[in-house]
Amino acid sequence: MAELVYPPVIGAARTVFKAIDLKFDIAGTDNIPRRGGAVLVSNHIGYLDFVFCGLAARPAKRLVRFMAKDSVFRHKVSGPLMRAMKHIPVDRSQGVHAYKNALSSLRSGEIIGVFPEATISESFTLKNFKSGAARLAQEAGVPLLPMALWGTQRLWTKGHKRDLGRRHYPVTIRVGEPMEADPAESAEKVTDRLRARVQELLEAAQRAYPVRPRGPEDTWWVPAHLGGTAPAAPGTVG
């Protein structure tokens, strides 16, 4: 079936990003397979993360179908777009239906995008990962594609106003090599390996990020363990 909506939406996003002069640093896009199913897994620090993950897949000429909470699909503007782009709604009280839809898409050769933290991390550090991504990859017989984003929280994140002005913000994206999800290994162990790899990529993206806070009032987007004033991750000792 022809993709009548997704490519124009990507084009519109690129136009907006050019207009606000985002500075992209993307590495590892050659790790995204040009054909066949895969589960793309990323950290989650901002409301626009799915757009940036999708952009990282474009050099491989792939369209990513994201699993997203069903409330997004009920919105009068985003809902029709999400459905037309064949993203997958997730009702957390009835997750089996979304899981089956994602599994079917993987088996038909699609890339499914998952944020295994299940919500935005307000500390901008990795939360615990849910095992759904690993289980999908195991059952579908496809690889996991680890990815990390950094800088997207400065544009729009939980607890902060949107800042889509012409600020020349850098956005750093790192894509890791595909990881095998062996069905003989427990989903929990696969998830632990996956989280460790995303953590490595996140740290690499943070090291590569070309700017630092402009002053004490601009430290909110930096994690506490890196000297910023973002809320400490739950369970840490201050």
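The values are calculated or read from the model by the stated rules, or taken from the named source; none is laboratory data. Because the structure is a prediction, the values reported are computed rather than measured. Cβ: placed from backbone, ideal geometry, glycine included. Neighbour counts: every protein chain shown. Keep in mind that these areas ignore ligands, DNA and RNA; they rest on the heavy atoms of the full protein, side chains included. Shrake-Rupley method; radii C 1.70, N 1.55, O 1.52, S 1.80 Å.
Candidates are the residues of segment 103-113 that are closer than 20 Å to residue 34 by Cβ and touching a helix residue (DSSP H, G or I) at 6+ places or on another chain (Cβ under 7 Å); the one that is surrounded by the fewest Cβ atoms within 10 Å (Cβ to Cβ) is 107. Kindly evaluate residue 116 against the criterion of being part of a loop (DSSP other than H, G, I, E, B) and either among the hydroxyl-bearing types (Ser, Thr, Tyr) or under 29 Å from residue 35 (Cβ atoms) (or both). Against the criterion (part of a loop (DSSP other than H, G, I, E, B) and either among the hydroxyl-bearing types (Ser, Thr, Tyr) or under 29 Å from residue 35 (Cβ atoms) (or both)), residue 116 qualifies. The set of residues in segment 48-102 being over 15 Å from residue 10 (Cα atoms), in contact (Cβ under 8 Å) with a residue 12 or more places away in the chain and either assigned to a helix (DSSP H, G or I) or open to solvent by 60 Å² or more (accessible area, probe 1.4 Å) (or both) consists of 69, 70, 72, 73, 92, 95, 98, 99, 101, 102.
Scanning segment 21-37 for residues that are in contact (Cβ under 8 Å) with a residue 60 or more places away in the chain, over 11 Å from residue 169 (Cα atoms) and assigned to a loop (DSSP other than H, G, I, E, B) gives 28, 32, 33, 35, 36, 37. Looking at 9, 77, 16, 72, which is the one that is touching a Gly at 6+ places or on another chain (Cβ under 8 Å), of a type in the set (A, V, I, L, M, F, W, C) and either modelled with pLDDT under 95 or farther than 20 Å from residue 136 by Cβ (or both)? Of the residues listed, the single one that is touching a Gly at 6+ places or on another chain (Cβ under 8 Å), of a type in the set (A, V, I, L, M, F, W, C) and either modelled with pLDDT under 95 or farther than 20 Å from residue 136 by Cβ (or both) is 72. Within this structure, residue 174 passes the test of being open to solvent by 10 Å² or more (accessible area, probe 1.4 Å), in a strand (DSSP E or B) and either closer than 30 Å to residue 211 by Cα or in contact with a Gly (Cβ under 7 Å, 6 or more places away or on another chain) (or both).
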